[in-house]
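Readers should treat all values here as calculations from the given coordinates under stated rules, not as data from a laboratory. The shown structure was predicted, so the numbers you read here are calculated from the model rather than taken from an experiment. Because the Cβ atoms are built from the backbone with ideal geometry, glycine has one as well, and the counts that use them run over all protein chains shown.
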Amino acid sequence: MIYLAETRSRKLMRSHSLLLIEFASYTISTEYNLSELAIKCLSYSILDPGFSWTMIETCTCTDMLIYKMISKCIFDTKDKFPKISLNTAGSINIYDGCISLSSAPIWEPSVKSLSVLDDKVEICTRKERDERLKATDSDNVQAIESFARTFMMTQGYSRKVKAPATLRSLNLGGKYVIRIEDCKGEQGEEYLICKTLGTKYEDECEIKEEELVKGTYVSHLIPYFREDCIDGAVLVDEEEPPLFSIKDAYIRYAKKTAEEDCANKRVFEAMITDIFRYNGDSERDRLILISDKGYGGLMRIRDGYKVGDIITVTVVSVRGSGDNIFINLDEPDFYHFTKPSKFNPETVLNGFVSNEDSVVNTASMEKRTDADSVSLELVRQFGRIMSRDNSGSSIETYKKKLTASFISNIAGDEKNRIGSLSRATFLNQCLRVAEGIPVKERQTDVVLTEDEARMLSVLSHIDGKYDMKSVAALIQNTEGYEKENKIARLLMALAMSKSMPDEVKTKESEARKEICRILGVQDHFKGTTEKGGGKYGLGELANVEFKSSYIMRNDGKGADIDFQGRGQVFEAVCGMLNADGGCVYIGVNNFGDPLTAEDKGIKGDLKWFDNNFSTLKLSRSRLLGHPIPQPKDLDTYCLFLNDEKSLYFKPSVLKNIKPVPTEDFDAIRIEVTPSEFEIVKLYKDNTWEKGVAYVRDGEETVPMTRIEQERRLMKLRSVGKVEQFILTLTEAIDHQSKVILKDYASSNSNELKDRIVVPINLVYNNENLWAYDLEKKEPREFRLARIKEIEVLPERYTHSFSEGKADIFRWINPKIDYHVKLKLKVSALNTLIENFSNAKNMPADELYQISPERWILDTHLHGWGAIVRFYVGNCGGSKKEIEILDTEDSDALKEEIRKYIAAVSC
C-alpha cells in the first residue's frame, strides 16, 4: 500500500496495484469485482489510485482501500500498456481493457466461444464446429463442463505444436495488423487497399465493405483514413487479393467509446453521412451519423437536416450484442451547459487507428526478452486474482474459476491451475443440484478440501430414492457439521414424505431450493420441470423474469396496471436491484418467446393504451407533476416505463433501471444493474411512504427479511458504519419513528451525549441528518460520522416538519438566505471541491468557469461562519485566491470577515 501511494513509474504502479489486489483476494470477504479492476491495471496507466497517504495511515483494513480503488481510481485510457502475449498451452493476449485466451497457438486462427465479465474476457477455440459453446448453453452447467474438458484437452495439444520458424503467412480467420495504403474505385464504389504488418505476405490486400455498427459502413469511414494502422483485422477470404474485415475491431472500439460517452453524458458534434428511409414508415426513418470520435450512430429524423450537416448530439443508449450493435444518438437537452466537442475530419479516427511506430506486434515475431518474464508473472497474478473472484452470480463465478484454470495453464502456474479447477469442480456439483442433475461424488484430476469432499458425499444422496436408513446414517455421520447436517435433515423430510405421503408432505422442489440456499447457488435454482428454450433464455432464473404484459394480469382477471405493472414487473425489478441484477422481459411467454397475437403481449398493451390513455394520463400526470408520453410503439413505451419507474423507486436508483426495446423490436427488456449503495424499496407512489424491499429467491421475488437486509448491507459496503446509519435512518423516516443518536460528538459543546430526535431528511450527499431535537425544541443538523450508534424507538410521531436543504458549506437554516458571489482562483477552487463534497454537484449556473484560471461561485447560503473561514484560509497573508463580487449581501459578508479577523487577532 505504501509503495502504491508513492510510486511514480507507470509499470511499477501496475505491479504494485496487482500485488495489492491479489493480497485483497486472499484477505477480504466482500464480493468485489477484483478481476475487472485487475484488467484495467493491466491495460492502462494509473493517474490516481483512489486513496492517499492519510487514508493509508488511518484505515484499519484492506477492504476500505480496495473499495476506494474500485470506486475512485483514475485510469488514463489513452496511455495504454503494450499488448501482453503468451503462447504455451494455447495463447493469451491482454490489451486495451480486454483479455483474449485461446486453446490454439497464437499464430493459428480462432473463434470466440465463451465470454465472462461482460465480454472483457473472451475464450476462443480452434474449431467452431467441434468446440464452440452455443449461446443457449451459456448458463447450462453440463454444457460448460463439456466445453471446458474439450478446451483443456486442446490446450495440451497446443503445447506440443512448434511455432513457425519464419514470419507468419496468412491464415483464414486469423487476426492481423494492417496498414491503409490507398483508396480505389469510382465514386460511390470506393474500397480500401491495405498491407499486412509482420507477415511474409507483401502484396496488396483489400478491406471488406460491410456494415460495422447499425447504419454505418466501411465506406462511410473512407474520407477519414490516412496511412493508418488497424490492429485486429480478420482475414475473411484467402483468394487474391486477400480480403480483411475490420468489423470486430471497430465494434469493440465503437461500443466501448460510445458507452463511456453515454455514461458521461458527453455532448459533441457529428456529421450526417446518410439518411435511411424505411419503405414509407417514417417512424423507422433514421439519420446516420459519424461522431467526432469515429463511431457511427442513428438518430430520429428532424426536419431540415441533410447529408453533410454537422449537428450537436449526445449518446442516448448503446444496445445489442455480438456483431449487431445499435448506437442511438439524439439532440442534447436544451439546458445542457457543456461546450460540444468539435467535429474535426483530421482526428475523427484517432482513437480507433494507430501509426506504424506505435503498433506492438507480439505474434511470434520477437525472441523472448526479460519483458516476457514480466508478462508471464502479470498473467499468473491475474489468474490467481480471478480464481478467488466470487462476485456476480454463481454460474458466472463458475465460469471465472474455469477461466482462471485455463489462464494458469497457459502461464504455467500449476498450483493455481489445480486449485482453480478443484474449486470450479466443487461449484459445478453444487450447480448440478440447482439444475436438478445428479451429483458425481468421485472426482478425478482435482484436489478437493476435506469440507468439499464431505459435502459432495452428502449431495450424492439427492437421487430421488431417499432411503430412510441411509439418510438416517447420513444425519448421524454429519453431526457437528452444520451445513451438511441441515441438508441431511432435509433429505430425511423427503424420505419420510415418500414413505408416509399422507402424514408428511414435503415438496422436493422446496427442499432442493433450501439446499441451494445453503450451498449459495439459489440464484441458479431451476425448479423440477425442464425449462424452455425460448428466444430470450432457457427460462426464468434469479436474473431473468418473463412477463406477458405490463397491463394484463397473469391470472386472467383482465387489465390492472397497478397490480401487474407495479406488483409484478417492478417487484421483480426491485428483487434484482437487491441481488445481482438481471433482465425483466415484457411481452413474452413463460419460455421467453415473444407473443405475436394482436391481443397479447406488447400489441395487446398498446391497444389498451389507445383506449384508456386519457384516464391514465390524468392520474399519472398529477403524481409526477408533468405530462407523460402515450405508448404508440416500443420506443414511446420505454419512455412511458421510465416515468413509471420514477413513481415506485427513489431517484438514487433510477439509473440502475433501463427499459429498452429488444434488438428485433418484438419485446421490451428492462435491464437491471444491482444497487451498490442502498437496499432498494418498492413504494406505492412517489410520496415514498411504506416501501417494501424485495429480493430474488431463485426464480421468485419475495420480501426481504431483516436478516437478508443485513446480509445485503454487508455486500453493499463493509467499509464503515455510515452506510448502516443511512439504512436505519431511511427506514425511520419512512415509518415516522423517533431515534436516539448515541454518544453524539458535538463540536459546540465538546461533549458526548445521547440525542433523541425526529429524523426529517438526509442532506449533503447523505453525510448529514436534518432532525428535530426534542430536548432543544428546534431542528438541528447532525453529522453521521459523529454518531456512535443509532437506536430506533417504537413510538411514532405525527407532526410534519419542513425538510432541510444544505448549502454548499453544509449549513442549514431555512430562515436565512444570503446571496454571495465569489471569483475563485484554481487553488481556492481545489480547496472548495476537496473539503466540501457537494461542490462537484453544483448546478452549472452556480459554479462555472470564466477563464482558464478563474471560476465563479454564485450561490445562496444559510449562514456566514463556514464561508468566512473559507475566505480567510485562502486570502491570508500574501494569498489572494478569492475576490468578493457585488451582491445585495456582499457588504454584510465583508463585515463578517472583518469581525472574524479582528476576533482572531485579539
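Summary table
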item	result
For segment 547-587 and segment 627-690, distance of Cα centres in Å	11
Taking Y536, Y797 and counting other C-beta atoms within 10 Å, the order from fewest to most	Y797, Y536
Net lengthening on full extension, R10/L47 (0.36 nm per residue, minus Cα-Cα)	12.4 nm
Contact order relative to length of the chain, as percent, for alpha carbon pairs under 8 angstrom and 6 or more apart	6
Rg/Rg_globular for the chain, with Rg_globular taken as 2.2 N^0.38 Å and Rg from C-alpha atoms	1.05
Residues listed by number, segment 105-126, amide nitrogen under 17 Å from N324 label point at 7 Å toward C-beta	none
Residue order, fewest to most surrounding Cβ atoms within 10 angstrom, among T615, T257, T506	T615, T506, T257
I756 versus S509: modelled label distance in nm, points set 7 Å from Cα along the beta carbon direction	5.2
Residue-span extension gain [L616 to E269] - 0.36 nm each, minus C-alpha spacing	121.1 nm
Positive-pole candidate from M500, Y481, V471, dipole of segment 449-524, charges at beta carbon	M500
Net charge dipole size for the chain [Lys, Arg +1 and Asp, Glu -1 on Cβ; Debye, nearest 20]	2220
Overall form of segment 544-703 per C-alpha gyration tensor (a/c, 1.5; a/b vs b/c)	oblate
Label-point separation, K415 to T687 (7 Å along Cα→Cβ), nm	6.3
Taking S420, S800, S827 and counting other C-beta atoms within 10 Å, the order from fewest to most	S800, S827, S420
Segment R780-C61, extension gain: residue separation times 0.36 nm, minus the distance between their alpha carbons	255.5 nm
Share of alpha-carbon pairs per 5 Å distance bin for segment 721-796, given as whole %	3, 17, 31, 30, 14, 4, 0
Peptide ranges 481-491, 889-899, 588-598 listed from the most packed, as the mean C-beta count within 10 angstrom indicates	481-491, 588-598, 889-899
Label point distance in nm, E206-K342, each placed 7 Å from Cα along Cα→Cβ	3.8
Equivalent ellipsoid semi-axes, segment 764-906, via Cα gyration tensor eigenvalues times 5, rooted, Å	32, 18, 15
Model label zone, L885; criterion: amide N under 15 Å from point 7 Å along Cα-to-beta-carbon; scope segment 850-868	850-860
Over segment 164-363, volume per residue of the alpha carbon convex hull, in Å³	141
Cα-derived Rg to Rh of segment 449-524, Kirkwood definition	0.96
Expected 222 nm ellipticity per residue - DSSP helices of 4 or more, -39500 (n - 2.57), all of the chain, to 500	-11000 deg cm²/dmol
Centre separation in Å (Cα based) which lies between segment 262-332 and segment 433-494	57
